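**Student:** So that we are looking at the same thing, I have put the structure below in structure tokens.
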Amino acid sequence: MVYSNSGSIIISVKELNAWYGEKKALSNINIDIKKNSITAFIGPSGCGKTTLLRCLNRMNDLVDGFRLTGDILLDGESILSKNRDVIELRRKVGMVFQQPNPFPKTIFENMALPVKENFGNVRREKLEEIIETNLKAASLYEEVEDRLDSSALRLSGGQQQRLCIARALTINPEVILFDEPCSALDPISTMKIEDMLMELKQKYTIVIVTHNLHQASRIADEVAMFYEGQIVEQASTDVFFSNPKTQLAQDYISSKFS
């Protein structure tokens, strides 16, 4: 089914409910994600934010016993229809995980593999251009340009995470999902990734799960707070942090619970 998709909305989640077996993980989720923005999902552990994130490119399809009702629209078209090409969906909606997961190959091969898998044979000159462009977009090229044939596993944790982001960019996604991408990184590496995300939103739509309220306040345009499987408050970042409407949000911002 195709719906009208007006204005700057790229993803619409409508009346979404989700279960892992008998356990309900999401209840009546409704949220619009704006194009070329950073939307942060925040809230205490186990509240459903990562579950929703993984619904946006159907990663939860891989989990035994997972089921959902409702709908998710990307560019006005349902991603949950039976004839939806899930591989194509994941080209449009990429994902970067909490722990860096470079392949045990060279930096060059890490970048080249998704290009070859998705676009077939690409001329060497074109492949090198794609790799250089996206390593620069991830603020990594200058650090690795003289060792592209070295193992990606020899990079620091922060460099590995930026490599994974660069790798996700090689297939030209519309949306990139980030599941706590800085949780295992030091403050300097975190700052580099935050600066990069602010640049990337000029071209991509970003949805990020974070436990770091300071990070959300620094980089997000919109915030959705989750609690016990529901969105209890959503607003622009300025409004959310300066004038939260619910007691739960006020308590969370003031660190009365975690």
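The values are calculated or read from the model by the stated rules, or taken from the named source; none is laboratory data. A quick note: this is a predicted structure, and the numbers were derived from the prediction, not measured. Neighbour counts are summed over all protein chains in view; Cβ atoms, including those assigned to glycine, are modelled from backbone coordinates with ideal geometry. Accessible surface is based on the protein model in full, side chains and every heavy atom, while ligands, DNA and RNA are left aside. Shrake-Rupley method; radii C 1.70, N 1.55, O 1.52, S 1.80 Å.
**Student:** Does the stretch 241-251 contain any residue that is in a strand (DSSP E or B) and either under 18 Å from the mean Cα position of the chain (by Cα) or without any contact (Cβ under 8 Å) to a residue 12 or more places away in the chain (or both)?
**Tutor:** Scanning the stretch 241-251 turns up no residue that is in a strand (DSSP E or B) and either under 18 Å from the mean Cα position of the chain (by Cα) or without any contact (Cβ under 8 Å) to a residue 12 or more places away in the chain (or both).
**Student:** Further question: Kindly provide the set of residues from the stretch 214-225 that are touching a strand residue (DSSP E or B) at 6+ places or on another chain (Cβ under 6 Å) and either surrounded by fewer than 19 Cβ atoms within 10 Å (Cβ to Cβ) or closer than 17 Å to Ile29 by Cβ (or both), ordered by number.
**Tutor:** Result: Asp221, Glu222, Val223, Ala224, Met225.
**Student:** What is the one condition in (1) in contact with a Leu (Cβ under 8 Å, 6 or more places away or on another chain); (2) surrounded by fewer than 16 Cβ atoms within 10 Å (Cβ to Cβ) that Thr133 does not satisfy?
**Tutor:** The failed condition is (1).
**Student:** Suppose the filter is touching a residue at least 12 places away in the same chain (Cβ under 8 Å), of a type in the set (Asp, Glu), buried (at least 20 other Cβ atoms within 10 Å of the Cβ) and within 16 Å of Ile38 (Cβ to Cβ); does Glu233 pass it?
**Tutor:** no
**Student:** Just to verify a result, which residue in the stretch 158-200, among those that are touching a strand residue (DSSP E or B) at 6+ places or on another chain (Cβ under 7 Å) and charged (D, E, K, R), is farthest from Gln98 (Cα to Cα)?
**Tutor:** Here the residue is Glu174.
**Student:** Now for a separate question. So Asp251 ticks every box in (1) more than 30 Å from Leu155 (Cα to Cα); (2) open to solvent by 10 Å² or more (accessible area, probe 1.4 Å); (3) at pLDDT 95 or above but one. Which box is left unticked?
**Tutor:** (3)
**Student:** Then there is this: Applying the selection to the stretch 165-185, what residues are among the hydrophobic types (A, V, I, L, M, F, W, C) and open to solvent by less than 10 Å² (accessible area, probe 1.4 Å)?
**Tutor:** Restricting attention to the stretch 165-185, the residues satisfying the condition of being among the hydrophobic types (A, V, I, L, M, F, W, C) are 165-166, 168-169, 171, 175-178, 182, 184-185.
Answer for the stretch 165-185, where residues must be among the hydrophobic types (A, V, I, L, M, F, W, C) and open to solvent by less than 10 Å² (accessible area, probe 1.4 Å): Ile165, Ala166, Leu169, Val175, Ile176, Leu177, Phe178.
**Student:** I would also like to ask the following. Kindly list the number of the only condition in (1) at pLDDT 95 or above; (2) in a helix (DSSP H, G or I) that fails for Val207.
**Tutor:** Of the numbered conditions (1) at pLDDT 95 or above; (2) in a helix (DSSP H, G or I), the odd one out for Val207 is (2).
**Student:** Among the residues that make up the stretch 210-219, is at least one of them free of Cβ contacts under 8 Å to residues at least 40 places away in the same chain and within 30 Å of Ile87 (Cα to Cα)?
**Tutor:** No, the stretch 210-219 has no match at all.
**Student:** Return only the number of the condition from (1) assigned to a loop (DSSP other than H, G, I, E, B); (2) over 22 Å from Glu109 (Cβ atoms); (3) open to solvent by 40 Å² or more (accessible area, probe 1.4 Å); (4) not hydroxyl-bearing (Ser, Thr, Tyr) that Arg147 does not satisfy.
**Tutor:** All conditions are met except number (2).
**Student:** While we're here: Can you give me the ranges of the strands (runs of 3 or more DSSP E) entirely in the stretch 13-108 with at least 2 residues that are open to solvent by 20 Å² or more (accessible area, probe 1.4 Å) and touching a residue at least 12 places away in the same chain (Cβ under 8 Å)?
**Tutor:** Of the strands (runs of 3 or more DSSP E) lying wholly inside the stretch 13-108, those with at least 2 residues that are open to solvent by 20 Å² or more (accessible area, probe 1.4 Å) and touching a residue at least 12 places away in the same chain (Cβ under 8 Å) span 23-34, 66-74.
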